[in-house]
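The structure appears right after this line, and notes come after that.
The values are calculated or read from the model by the stated rules, or taken from the named source; none is laboratory data. All figures in this text were calculated on a predicted structure; none of them were measured in a lab. Positions of Cβ are backbone-derived with ideal geometry, glycine not excepted, and every protein chain shown enters the neighbour counts.
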């Protein structure tokens, strides 16, 4: 996930996120180097890659991306944990003056409410508003996750690659 900005209050919770707003103990923890190969396998999944309209990278490019992200002190990134296993990752970053959020859930964890719980937890931790997310129009599940967490569509666009995306925002 690209570099992220964080406020002073959320910086204090980076390694110890607050309990989820959906109840329970929370699903976010710091990213460990040992998580990266799992994240890589999640991204390589052809069905997940197609759903997100995001091409998987080769291993070296993937690991270089995460090395830059983890070295960036302003990055907000977490591992999403489910039943003691790495279920995915989530983060918040700044791009073009906007605060963006994004997440990737391993397919074996789909349909469990994990993305919703992780995003709700992130929204509790990150004070900055508005937060935005860009999602391909065909990724109905991700659009629903964002809506459950209070995001609403504010725009749409077609990228240079011809893929139509919605922009959802949390104020």
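Using the structure shown, decide if residue 31 is farther than 26 Å from residue 137 by Cα, modelled with pLDDT of 95 or more and in a helix (DSSP H, G or I). The answer is no for residue 31. Out of the residues in the range 128-142 that are surrounded by 13 or more Cβ atoms within 10 Å (Cβ to Cβ) and within 19 Å of residue 98 (Cα to Cα), which is modelled with the lowest pLDDT? Looking at residues that are surrounded by 13 or more Cβ atoms within 10 Å (Cβ to Cβ) and within 19 Å of residue 98 (Cα to Cα), I get 128. Restricting attention to the range 82-96, the residues that are more than 14 Å from the chain's Cα centre (by Cα) and either buried (at least 17 other Cβ atoms within 10 Å of the Cβ) or under 21 Å from residue 153 (Cα atoms) (or both) add up to 3. Among all residues of the range 97-107, there is at least one that is surrounded by fewer than 19 Cβ atoms within 10 Å (Cβ to Cβ), at pLDDT 95 or above and in a helix (DSSP H, G or I). Checking each residue of the range 60-79 against the condition of being crowded, with 16+ Cβ neighbours inside 10 Å, at pLDDT 85 or above, part of a loop (DSSP other than H, G, I, E, B) and in contact with a strand residue (DSSP E or B) (Cβ under 6 Å, 6 or more places away or on another chain) gives no match.
Looking only at residues in the range 158-171 that are under 19 Å from residue 51 (Cβ atoms) and more than 18 Å from the chain's Cα centre (by Cα), the one that is surrounded by the fewest Cβ atoms within 10 Å (Cβ to Cβ) is 162. Out of everything in the range 143-160 that is in a loop (DSSP other than H, G, I, E, B) and in contact (Cβ under 8 Å) with a residue 12 or more places away in the chain, what residue ends up being nearest to residue 97 (Cα to Cα)? Top of the filtered list is 151. Against the conditions (1) crowded, with 21+ Cβ neighbours inside 10 Å; (2) closer than 25 Å to residue 40 by Cβ; (3) touching a strand residue (DSSP E or B) at 6+ places or on another chain (Cβ under 7 Å), residue 145 satisfies every one except (3).
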